[in-house]
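*Asks:* Once you've had a glance at the structure underneath, I'll fire off some questions.
The values are calculated or read from the model by the stated rules, or taken from the named source; none is laboratory data. Not measured: the values here are computed from a predicted model. Using ideal geometry, Cβ is built from the backbone for each residue, glycine included, and neighbour counts are taken over all protein chains shown.
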Amino acid sequence: MKIAIIGYGKMGKTIENIALQNGDEIVLRITDENTDELTPENLQKADVAIEFTRPEAAFDNIKLCLKSGVPVVSGTTGWVDKISDIQSVTKQYNGAFFYASNFSIGVNIFFALNKKLATMMNAHPDYTTSIHEIHHTQKLDAPSGTAITLGEGIIENVERIDTWTQQKTQPNELHITSARINKTPGTHIVTYTSDIDEIEIIHTAKSREGFARGALMAARWLIGRQGCFGMSDMLGM
C-alpha cells in the first residue's frame, strides 16, 4: 500500500513506523514546512491518503484528495460541522472518504458499550449523566471528538437528554468536561450518578499505537470503495 501522510506530527510518525513495519510505502509526507507539495500530482502517487492535521486545515486537505481521485482517511476532529459538504464532494467525484473521531478498536467497542448502557439507563430518570475526558496538552479541540461521539450516543438513546454542553444549566443537558495533561494519550469516563450509587465506564489509551493501527486498517479497507464510511462500517458494529 502506497500512503500519503498529511500531517507529519506525532500521530503521522507513529502511522509511518507501523506502516513501514507492515511493508507499506510512504510516498508523501506533508508538514507545516512543505504544504506546497500537497498537489494532485503528488497525491496521485499514493493508493490512499491519511490525514491527521488541524481543524482549520482538514476540510481543504480532504477536498483536495477527493478532487485528485485519492481515497482519504481522516482522524482530524473539530471540523465536522462541514462534513455534509465533504459528503457532497465525495459523491460528486465518486470518491472514497473515511472519518472517525477515534480509530482505536477498543474505543469503538467502548462506543458500542456506551450506547448499550444509555439504552438501559433511559428507564432510570433518577440518574444524571456526565462525560469527562483527559488528553495531552497538544490536543487543540475540547471537548475531544471522542467525547462528542460518546455524547451523541447518549443523546440518541436517553430521551431526557437532547444536547451536550460544557456549562450545564438545564436538566436536559449532558455535561462534558475536559482536562489537558502532558503526555496523556486519552481517557474517557462516562458516569451515571444517583443519590444511591454511581455507574462508571472508562476507556484509557496507553499509547497512540492503537489509533495508528486503526487508521492503517481503515486505509487498507477503503481502497477500491466509493462513498463515505466510518468505523462501524469497517467493523460491522
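*Asks:* Among the residues of the stretch 152-166, is any over 30 Å from Ala46 (Cα atoms), touching a residue at least 12 places away in the same chain (Cβ under 8 Å) and part of a strand (DSSP E or B)?
*Replies:* For the stretch 152-166, residues over 30 Å from Ala46 (Cα atoms), touching a residue at least 12 places away in the same chain (Cβ under 8 Å) and part of a strand (DSSP E or B): present.
*Asks:* For the stretch 170-216, how many residues are of a type outside the set (S, T, N, Q), surrounded by fewer than 16 Cβ atoms within 10 Å (Cβ to Cβ) and more than 30 Å from Asn22 (Cα to Cα)?
*Replies:* 12
*Asks:* Run down Thr191, Thr177 and say which single residue is in contact with a strand residue (DSSP E or B) (Cβ under 9 Å, 6 or more places away or on another chain), part of a strand (DSSP E or B) and closer than 30 Å to Gly9 by Cα.
*Replies:* Thr177
*Asks:* Among the helices (runs of 4 or more DSSP H) lying completely within the stretch 1-87, list those that include at least 2 residues that are touching a residue at least 40 places away in the same chain (Cβ under 8 Å), in contact with a Lys or Arg (Cβ under 9 Å, 6 or more places away or on another chain) and assigned by TED's automatic domain parsing to the domain that holds Ile223.
*Replies:* Qualifying helices (runs of 4 or more DSSP H): 10-21.
*Asks:* Hey, can you tell me all the residues within the stretch 1-49 that are buried (at least 20 other Cβ atoms within 10 Å of the Cβ) and among the small types (Gly, Ala, Ser)?
*Replies:* Ala4, Gly7, Gly12, Ala19, Ala46, Ala49 - these are the residues of the stretch 1-49 that are buried (at least 20 other Cβ atoms within 10 Å of the Cβ) and among the small types (Gly, Ala, Ser).
*Asks:* I would also like to ask the following. Condition (residue is under 21 Å from Lys10 (Cβ atoms) and either at pLDDT below 95 or among the charged types (D, E, K, R) (or both)) applied to the stretch 36-49: is it met by at least one residue?
*Replies:* yes
*Asks:* Separate question: Of the conditions (1) among the hydroxyl-bearing types (Ser, Thr, Tyr); (2) over 25 Å from Leu235 (Cβ atoms); (3) part of a loop (DSSP other than H, G, I, E, B), Ser207 clears all except one; give me its number.
*Replies:* (2)
*Asks:* Based on what the data block shows, is Glu133 among the charged types (D, E, K, R), assigned to a helix (DSSP H, G or I), in contact (Cβ under 8 Å) with a residue 12 or more places away in the chain and not assigned by TED's automatic domain parsing to the domain that holds Gly224?
*Replies:* In short, no.
*Asks:* While we're on this one: Do we find that Lys116 is surrounded by fewer than 16 Cβ atoms within 10 Å (Cβ to Cβ), assigned by TED's automatic domain parsing to the domain that holds Thr149, over 21 Å from Ser207 (Cβ atoms) and modelled with pLDDT of 95 or more in this structure?
*Replies:* When the stated conditions are applied, Lys116 passes them.
*Asks:* Check Ala112 against each of (1) closer than 26 Å to Lys45 by Cβ; (2) small (Gly, Ala, Ser); (3) part of a helix (DSSP H, G or I) and name the one condition it does not meet.
*Replies:* Of (1) closer than 26 Å to Lys45 by Cβ; (2) small (Gly, Ala, Ser); (3) part of a helix (DSSP H, G or I), only one is false for Ala112: (1).
*Asks:* Within the stretch 128-160, restricting attention to residues that are crowded, with 21+ Cβ neighbours inside 10 Å and among the aliphatic types (A, V, I, L, M), which residue is farthest from the chain's Cα centre (by Cα)?
*Replies:* Val158
*Asks:* Now for a separate question. Does the stretch 105-124 contain any residue that is over 20 Å from the mean Cα position of the chain (by Cα) and within 30 Å of Gly69 (Cα to Cα)?
*Replies:* No, the stretch 105-124 has no match at all.
*Asks:* Separate question: In this structure, is Lys91 surrounded by fewer than 18 Cβ atoms within 10 Å (Cβ to Cβ), assigned by TED's automatic domain parsing to the domain that holds Ile15, touching a Phe, Trp or Tyr at 6+ places or on another chain (Cβ under 7 Å) and of a type outside the set (A, V, I, L, M, F, W, C)?
*Replies:* no
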